[in-house]
Structure formats: C-alpha cells, structure tokens
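This report concerns only the one structure given below.
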Amino acid sequence: MFAPPPPATVRTQVLVPLRFPDGFHTTAVVFSFHGLVDGREHLAFGLGDWAASVRRSAAGGIAPLVRPHSECLTGDVFGSQRCDCGPQLREGVERVGARGGFVLYLRQEGRGIGLYSKLEAYALQDQGLDTYEANLALGHSEDERDYTVAAQMLLALGAERVALLSNNPDKAEQLDRLGVTVTERVPTGVHLSPANAAYLAAKARRSAHTLQVG
Ligand SMILES: [Zn+2]
C-alpha cells in the first residue's frame with residue numbers, strides 16, 4: 001500500500017565537523033526538521049557532495065547513498081560490544097560521504113522499545129533468550145522500528161530516489177511504501193566481535209538480514 005507521509009520541512013542546517021575515535025574525520029551538514037510525525041528530534045547528516053547527488057538524482061542520474069541509523073546510546077556513544085551499532089555508524093558516515101548522501105539518525109533506541117527496555121532485554125539475553133525473543137518477553141514486538149520519519153526527512157531534502165546502505169530488506173520496503181524510491185540496495189560490512197556474534201547471528205536468522213555470520 002502506497003501511503004506518502006505528511007510533508008516535513010527543514011528547520012535548521014548547520015555545519016558540524018566530525019572526528020571518530022579512530023581518527024577518521026569529515027564535515028557534515030546537520031539538518032533538523034519541522035513536522036516529523038512522532039515529534040522526536042531526528043537528524044539528517046548531509047555528507048560528501050550530498051547537494052550534487054540530490055541534483056543528479058532528480059535529473060535521473062545515480063541516487064544519493066542513504067544510511068538510516070537507529071540510535072543506540074550504548075553502542076554509538078560508549079562503544080558497547082553487545083551490538084555492532086558503533087562500527088555500523090562509523091562505516092555509514094565514511095561510505096555515504098564518499099558517494100554523497102545522508103546518514104539519518106533516528107531516535108528509536110533498541111529497535112524502538114527504548115533504552116531501559118533494551119537493557120532489560122540484554123538481561124534476558126544473558127539468561128539465554130535471543131534479541132527478538134527478549135523483546136517479545138517484555139511485551140514488545142520483535143522490531144518496532146518505523147521509517148516514516150526517515151521518509152519525511154528524505155522528501156524534505158529533495159531525495160525522492162535513494163540508494164540504501166542497509167542489509168535489512170524491511171527498511172527498503174517501508175521506504176518504498178512511503179514514497180521514497182529505493183533504486184539500489186548497498187550491503188554494509190559485518191562488524192563481528194566475540195561479544196556480538198550471537199546478536200548478529202540472531203539478526204541474520206530472524207529478520208532476513210542479508211549478512212553471513214560465521
Ligand atoms: Zn546497538
């Protein structure tokens with residue numbers, strides 16, 4: 001079912017130089033928005049020659065590369081080894097910058113269940129449940145992420161066609177339904193560590209992620 005979201009508009013755009021712990025650095029244009037449907041403070045990071053990539057795409061050329069990243073406080077900020085969010089974000093910023101496009105920073109912690117519930121799910125995982133079973137045990141869906149605000153941000157930025165940097169087929173299907181054409185799916189790398197191997201295996205098994213683990 002095709003259901004375009006209500007229009008959002010850019011509220012502020014400002015340059016922010018970025019530097020990651022491994023020394024990689026770049027400059028982003030960070031966008032905030034009016035009109036995002038859930039009222040949360042989601043961000044778009046314009047990287048590389050994002051403006052040219054949007055123009056080129058509008059003229060029928062190659063689409064900007066877009067990485068939707070769901071907030072993970074423990075992984076993004078503190079380098080938690082329980083998931084691969086930190087390395088995924090770091091990879092996304094560099095790869096999007098190389099081609100021109102956007103990293104969308106979506107404030108939906110823990111597959112949308114929230115930070116405290118995510119920590120409770122970790123505790124259940126330590127008792128033997130996988131990440132999806134733990135969410136269900138807490139009364140949540142397996143995955144409550146919703147990409148409506150991602151589509152709103154992309155449409156506000158003029159990116160009606162995107163190349164999607166993701167291994168998750170659900171993201172592409174949701175965006176297509178929301179009026180953003182996914183012209184190409186670009187797989188991300190696999191960031192395996194001893195602590196996140198079980199998490200990545202569950203992700204591959206349970207949500208048709210196109211990654212190979214172990
Ligand atoms: Zn994470």
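Under 26 Å from D38 (Cα atoms), surrounded by fewer than 19 Cβ atoms within 10 Å (Cβ to Cβ), of a type in the set (D, E, K, R) and away from the ligand (no atom under 13 Å from the Cβ), is that true of E120? Spelling it out, E120 is indeed under 26 Å from D38 (Cα atoms), surrounded by fewer than 19 Cβ atoms within 10 Å (Cβ to Cβ), of a type in the set (D, E, K, R) and away from the ligand (no atom under 13 Å from the Cβ). Take segment 16-48 and flag every residue that is of a type outside the set (S, T, N, Q), under 18 Å from A156 (Cα atoms) and not in a loop (DSSP other than H, G, I, E, B). Across segment 16-48, the qualifying residues are A28, V29, V30, F31, F33, H34, L43, A44, F45, G46, L47. Residue count for segment 74-98, restricted to those that are among the aromatic types (F, W, Y) and either within 7 Å of the ligand (Cβ to nearest atom) or in contact with a strand residue (DSSP E or B) (Cβ under 6 Å, 6 or more places away or on another chain) (or both): 0. Checking each residue in segment 129-176 for being in contact with a Pro (Cβ under 6 Å, 6 or more places away or on another chain), modelled with pLDDT of 95 or more and assigned to a loop (DSSP other than H, G, I, E, B) picks out only A159. Checking V190, V162 one by one, the residue that is within 16 Å of the ligand (Cβ to nearest atom), of a type in the set (V, I, T) and touching a residue at least 60 places away in the same chain (Cβ under 8 Å) is V190 and no other.
Scanning segment 51-73 for residues that are surrounded by 24 or more Cβ atoms within 10 Å (Cβ to Cβ) and away from the ligand (no atom under 16 Å from the Cβ) yields S53, A63, P64, L65, V66.
The values are calculated or read from the model by the stated rules, or taken from the named source; none is laboratory data. Since we're looking at a predicted model, the values are computed, not measured. Because the Cβ atoms are built from the backbone with ideal geometry, glycine has one as well, and the counts that use them run over all protein chains shown.
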